[in-house]
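One structure is given here, and the rest of the page talks about it.
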Amino acid sequence: MCAEELDFVEKYDLLGCIQCGRCTGGCPVALRTDLRVRCFMYDTQNEERLEEISEKPEIWDCTTCYTCAARCPKGLEPLEVLIGLRSLQIEEGKVQPTVRDALESIFKDGNPWGSPRAKRLDWASDLDVKVLEPEAEETTDVLLFICCTDCYDPRVMKVAQALIKVLNAAGVDYGLIGEDESCCGSEVRRLGEEGLFEMCDEENVELLNSFNVNRIVAISPHCYNTLKKEYHGLKVPVLHYTELVAELLEEGKLEIPKEIAKVVTYHDPCFLGKQNDIYDEPRYIITRIPGVEFKEFDRCRERSLCCEGGGGKMWVESESKEERLAEIRIEDAKEMGAQVVAVACPFCLLTLEDATKVKGVEEEMQVMDILELLAEAL
Amino acid sequence: MNGKPRIGVYVCHCGTNIAGTVDVEEVVKFAETLPDVTVARNYSYMCSDPGQALIVDDIEKAGLNRVVVASCSPRMHEPTFRKTLLSGGLNPYFLEMANIREQCSWVHPDPIAATEKAKRLVEAAVVKSRRLEPLDAKEVDVEPSCLIIGAGIAGIQSALDIADAGFKVYLVEKEPSVGGHMIQLDKTFPTLDCSACIMTPKMVDVANHPNIELMTYSQVEEIGGYIGNFDIKVRKKSRFVDIDKCTGCGICAEECRMAGRFPNEFDENMGMRGAIYMPFPQAVPAKYTIDKESCLFLTKGKCGESPKCKDACQAGAVNFDLEDEIVEFKVGTIIVATGYDVFDARLKPEYAYGVYDNVLTALEFERLVNASGPTGGKVTMIERGKKKKKKGAEEEAPKVPESITFIQCVGSRDKSVGNEYCSRVCCMYTAKLAHLVKDKVGHDCEVTVFYMDVRAFGKGFEEFYDRVRREGVKYIRGNPSEIYKKGDKLIVKAEDTLTSTPLEHETDMVVLSVGLVPRRDNREIIDLLKLSQTSDLFYMEAHPKLRPVDTASDGVYLAGVCQGPKDIPDAVAQAKGAASAAMIPMASGKVKVEAQTSFVNEDTCRGCGFCVELCPYTAIELVEVNRMGWPVKVARVNEALCKGCGACAAACLSGSIQQRSFKDWQLLPQIEALGVK
Ligand SMILES: Cc1cc2nc3c(=O)[nH]c(=O)nc-3n(C[C@H](O)[C@H](O)[C@H](O)COP(=O)(O)OP(=O)(O)OC[C@H]3O[C@@H](n4cnc5c(N)ncnc54)[C@H](O)[C@@H]3O)c2cc1C
Ligand code: SF4
Ligand code: SF4
Ligand code: SF4
Ligand code: SF4
């Protein structure tokens, strides 16, 4: 029994668990996979079994949505135990090839999508944007932190482009990092690759601190969460774009001239809602668009359903007995007659859009980022 | 007695607690060498009778006039040894204690170092004992009357006991009626007594008792003074109904233009009332009250042609000119019995309370099963905020739920909402309500209880729990995480932790077994009485085990849930305890007050008021005195209020406040003897 394993009990305060079951009860994937996160809180107290337990395939089913932690009456974070177990597997090199490739790509090129660094700014090639110089004399108000997925995924790219359109319309003084921008490491940490995450933390903090800006605005809730809560030593505050846009609207800096006469609903991303309590700003923005008829999901805000895009799930294949949660979400949206499912996260966008295709409703229902909706109304 | 000091030093073994680490023989030998020490001894247990007899004997035979006991903390046995000195004929304040247990043997593992430290502590105590002065413990008279704040079951029980014993009681209740939460309940666990049936006789008794002055719809505004002599000011809020004239007939309420327009707080806002109302039929006093926030006449200055209530009242009781009344009186003791609030279920948004009509709190459900409640005791699905249909219009009969699900521990044992404690009553009231469903709705109604532990610790509780399970109530071990809807049904999402099965449990109605929390207006009483709170924010008792009804303030006692969650029998037991504690000073008519108080040298005091701010007992005030023809402000200590904590003396910048037995010239040499220069 080595000291490192002993740490497991202490590190995750396993002895504080009263086995109430709220974690599994809230876990969105429990109903469709074998994951019973509560059992891990108990089983991993036996250090001798850690190896064996880390072999269980269901540890890769966790989307790191954080529901289990939000619901735990004892302030524990069950998902972290799963991440700890993933670390053991990563250390042993026992990972799916897709995961391995993503991690390697981050190490080499600063993004998980296997794309070269040189193409990082391609999404903005047609746009007139300022790339920030480190240690500049002049202060720029906002530094945009663009998620790797927004940079390289042809679909999600449009969201980043919409952001630029919106910021230009509001006359915001902003700048981009450019080719030096690297993955925030949110998924890296959640896949259990602690060492690589430490590197992301150190290098990005150094890079970000080198710019003369008032604040950082992240386009993805995953980057936002990591920069804000998991990095060490950032000097300026971090905002999610919904916070900035809500502020622009409130201060009258952004006008929305056009109408969008559609029934719109909003899906709360776990990393924005449950993990950072940002519920009102997205709704504020959507309901300010003229013509929009806004409808809530029954399961909304604190009770929102995870889309299963987080926690490295973009690269992990797992067995599923039941319908995917994104599909349930799209069905619910269809039932309430929503024409647009608005999101504020690149992963939600991809998973939900995919689900509209599986459900065959892609003709009648669009999945759009709030930014795209807004850009359409400008 | 004040001649040359003749000091006796007594070193206690405390079994092996001290002697296991400290070489007590050596400490005694050392003490013998100190100047003025006449005798030095060690003994296994100094606090025992023979131990104390040693001291008494030496006082008589060796002519001791100072005693040093080296033993445990003075918090434990200072009172014991003071009595020993007294029985030996010495002034009790000629005692000095050296704490060689908590501050020495218990914390130092090394015997040699511990023995050295013990010697130092003893030497310092000897040095101080030489400079001790005799003090007189003063006595004050006690008013034979008691103020009780809050008229729930606890306050009512204390009031009746004290009044029956022949003392005057002032019972002050905020609401229009006495009764508190107990009168809202239907049946009580585990015996299933009808709550109102056992409560109303007591409510009527407090109203009629010759020794009780009941003030309802009233609030304590000021409390001054100290044990024996508290000065109380109470505001009796105007009801705009002359309660001497009101016969309680209720015609006004029927006629009120706003009848049925406002949620009735007593029914947990599920039933409706008018602007003039009686909260429930058995209210005591059975008088009507106009709520000035909802009355047309009082908010708009106009109620139709003329106020309908006033026109309707044959007794002429409605009177809009009535004003709040301030009453002042003196009492000797005070009991706080202000009870609790239930946990606000909105703080757990995952349960969607406030989103779905048929997610109820248990207290709402108590009203729903109660014959005097909004549905006359019929358990039906509810539609919140529904306007009453016009008279004569067809009312659709509300649906009866086919299944009801209870969730335990809502807002208790839950760090995420800051309540780490168990509320102690919800397991049992859940079992009670589950039984009532089977009883009233019928056996076909499916009843499920989600729990994490069932705590059935009281008399008859486990037996009751057994009975309820056999009645077909299904207990599932797992605390639910979320409530949402599928079609008409509510879904309770949980894990059956005994089989590791995640569930989407379908049900018509969910009852949240909300915990008991400190009242949201707790501060009112804290500010009036300087009460402390335990970490759970309930009021703090003087000692968690041995003084459960006292507070840190003499003459102020606690009863009922305001001190911590408890059920009715425990609240009653504590209320009786508080009554008896309050009667001790009232019966003896006198109380001793602290002798080691602070006093001010008015010639040097600069009147900065620093001490006034610091004193936690508000014992110091600034007064104007004449200093050589000039009026100046100086601090003055009210010795009856001073508890001798010493905060002022330690803080005074000019050294003008000194505390008896801890004056600078007594304390500084003691510190010096410890090696601090
Ligand atoms: C849903 C539910 C079911 C329950 N069922 C049972 C059961 O079956 N059996 C059982 O034994 N226990 C039961 N209990 C517990 C029971 O309610 C309490 O034990 C009991 O009511 C405590 O009485 P109390 O006098 O301490 O407090 P309370 O009943 O809260 O009375 C306090 C009184 O003080 C008044 N007050 C408060 N502040 C002031 C102020 N500043 N000035 C003047 N007046 C003030 C209040 O208006 C109130 O009238 C249940 C509790 C709940 C929530
Ligand atoms: S919610 Fe927390 S206390 Fe309850 S079983 Fe899960 S980890 Fe343990
Ligand atoms: S983070 Fe989400 S998916 Fe992972 S165990 Fe917790 S509740 Fe389940
Ligand atoms: S004045 Fe009018 S509104 Fe006020 S209590 Fe009387 S009838 Fe009701
Ligand atoms: S009494 Fe029972 S339901 Fe209430 S908090 Fe304690 S364990 Fe939970």
Which residues, taken from the stretch A:264-308, are more than 13 Å from chain B (Cβ to nearest Cβ), touching a Leu at 6+ places or on another chain (Cβ under 8 Å), open to solvent by less than 30 Å² (accessible area, probe 1.4 Å) and of a type outside the set (Val, Ile, Thr)?
-> A:His267, A:Pro282, A:Cys307, A:Glu308
Please enumerate the residues belonging to the stretch A:99-122 that are without any contact (Cβ under 8 Å) to a residue 60 or more places away in the chain and open to solvent by less than 20 Å² (accessible area, probe 1.4 Å).
-> A:Ser105
Meets criteria (more than 20 Å from the chain's Cα centre (by Cα) and either under 11 Å from A:Gly192 (Cβ atoms) or free of Cβ contacts under 8 Å to residues at least 60 places away in the same chain (or both)) for A:Leu76 = no
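Hey, any hits in the stretch B:448-460 for a residue that's in a helix (DSSP H, G or I), on the phi < 0 side of the Ramachandran plot and not charged (D, E, K, R)?
Looking for residues that are in a helix (DSSP H, G or I), on the phi < 0 side of the Ramachandran plot and not charged (D, E, K, R), one finds none in the stretch B:448-460, hence no.
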Can you tell me which residue within the stretch B:112-153, out of those that are part of a strand (DSSP E or B) and more than 16 Å from ligand 1 (Cβ to nearest atom), is nearest to the chain's Cα centre (by Cα)?
-> B:Ser145
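Among the residues of the stretch A:220-261, count how many are touching a strand residue (DSSP E or B) at 6+ places or on another chain (Cβ under 7 Å) and hydroxyl-bearing (Ser, Thr, Tyr).
Taking the stretch A:220-261 first, the residues touching a strand residue (DSSP E or B) at 6+ places or on another chain (Cβ under 7 Å) are A:221, A:223-224, A:227-228, A:236-241, A:244.
If we keep only those that are hydroxyl-bearing (Ser, Thr, Tyr) as well, we get A:224, A:241.
Counting residues in the stretch A:220-261 that are touching a strand residue (DSSP E or B) at 6+ places or on another chain (Cβ under 7 Å) and hydroxyl-bearing (Ser, Thr, Tyr) gives 2.
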Does the stretch B:286-313 hold any residues that are more than 7 Å from ligand 4 (Cβ to nearest atom) and buried (at least 20 other Cβ atoms within 10 Å of the Cβ), and which are they?
-> B:Lys287, B:Tyr288, B:Thr289, B:Cys313
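Residue-by-condition table, conditions (1) under 30 Å from A:Asp61 (Cβ atoms); (2) aromatic (Phe, Trp, Tyr); (3) at pLDDT 95 or above:
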| residue | (1), (2), (3) |
| --- | --- |
| A:Pro97 | yes, no, no |
| A:Thr140 | no, no, yes |
| A:Leu144 | no, no, yes |
| A:Val159 | yes, no, yes |
| A:Ala162 | no, no, yes |
| A:Leu167 | no, no, yes |
What is the number of the single condition among (1) more than 10 Å from ligand 4 (Cβ to nearest atom); (2) open to solvent by 60 Å² or more (accessible area, probe 1.4 Å); (3) hydroxyl-bearing (Ser, Thr, Tyr) that B:Ser238 does not meet?
-> (2)
Is at least one residue of the stretch B:71-84 over 36 Å from the mean Cα position of the chain (by Cα) and open to solvent by 10 Å² or more (accessible area, probe 1.4 Å)?
-> no
Taking the stretch A:35-62 and the residues there that are within 14 Å of chain B (Cβ to nearest Cβ) and of a type in the set (Lys, Arg), the one that is least open to solvent (accessible area, probe 1.4 Å) would be A:Arg38
Quick one: B:Gly418 ticks every box in (1) within 14 Å of chain A (Cβ to nearest Cβ); (2) on the phi < 0 side of the Ramachandran plot bar one, so which box is it?
-> (2)
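Filter the stretch B:467-510 down to residues that are among the acidic types (Asp, Glu) and part of a strand (DSSP E or B) and give me whichever is nearest to the other protein chains (Cβ to nearest Cβ).
Result: B:Glu495.
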Top-ranked residue in the stretch B:35-53 [being touching a residue at least 40 places away in the same chain (Cβ under 8 Å) and buried (at least 18 other Cβ atoms within 10 Å of the Cβ); ranked as nearest to B:Ala113 (Cα to Cα)] | B:Val37
Within the stretch A:63-88, work out how many residues are open to solvent by 40 Å² or more (accessible area, probe 1.4 Å) and either at positive phi or within 8 Å of ligand 3 (Cβ to nearest atom) (or both).
-> 2
Being surrounded by fewer than 20 Cβ atoms within 10 Å (Cβ to Cβ) and within 12 Å of chain B (Cβ to nearest Cβ) narrows A:Gln96, A:Gln19 down to just A:Gln19
Select, from B:Gly248, B:Gly260, the only residue that is outside any strand (DSSP E or B), free of Cβ contacts under 8 Å to residues at least 60 places away in the same chain and away from ligand 5 (no atom under 16 Å from the Cβ).
-> B:Gly248
Failed item in (1) away from ligand 2 (no atom under 16 Å from the Cβ); (2) of a type outside the set (Gly, Ala, Ser); (3) open to solvent by less than 10 Å² (accessible area, probe 1.4 Å); (4) within 14 Å of chain B (Cβ to nearest Cβ), with A:Arg32 passing the rest | (3)
Take B:Gly339 and decide whether it is of a type in the set (Gly, Ala, Ser), within 14 Å of chain A (Cβ to nearest Cβ) and out of contact with any Ser or Thr (no Cβ under 6 Å at 6 or more places or on another chain).
-> no
Just wondering, is there one or more residues in the stretch B:467-476 that are more than 15 Å from ligand 1 (Cβ to nearest atom), modelled with pLDDT of 95 or more and within 21 Å of B:Ala345 (Cβ to Cβ)?
-> yes
Across the stretch B:197-236, what is the number of residues that are touching a helix residue (DSSP H, G or I) at 6+ places or on another chain (Cβ under 8 Å) and of a type in the set (A, V, I, L, M)?
-> 8
Check off (1) in contact (Cβ under 8 Å) with a residue 60 or more places away in the chain; (2) buried (at least 22 other Cβ atoms within 10 Å of the Cβ); (3) within 14 Å of chain B (Cβ to nearest Cβ) for A:Asp13 and give me the number that stays unchecked.
-> (2)
Flag for B:Ile326 being open to solvent by 60 Å² or more (accessible area, probe 1.4 Å), of a type in the set (A, V, I, L, M) and under 30 Å from B:Val169 (Cβ atoms) | yes
If we keep only residues of the stretch B:659-674 that are in a loop (DSSP other than H, G, I, E, B) and open to solvent by 50 Å² or more (accessible area, probe 1.4 Å), then the residue farthest from B:Cys104 (Cα to Cα) is B:Arg660
Only one of A:Val142, A:Val188, A:Val156 is buried (at least 21 other Cβ atoms within 10 Å of the Cβ), aliphatic (A, V, I, L, M) and under 27 Å from A:Pro257 (Cβ atoms); which?
-> A:Val156
How many of the residues making up the stretch A:103-140 are out of contact with any strand residue (DSSP E or B) (no Cβ under 7 Å at 6 or more places or on another chain) and of a type in the set (S, T, N, Q)?
-> 4
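The values are calculated or read from the model by the stated rules, or taken from the named source; none is laboratory data. Remember, it's a predicted structure, so these values are computed and weren't measured experimentally. Because the Cβ atoms are built from the backbone with ideal geometry, glycine has one as well, and the counts that use them run over all protein chains shown. For the accessible areas, the whole protein counts, side chains as well, though only heavy atoms, and no ligand, DNA or RNA atoms are used. Shrake-Rupley method; radii C 1.70, N 1.55, O 1.52, S 1.80 Å.
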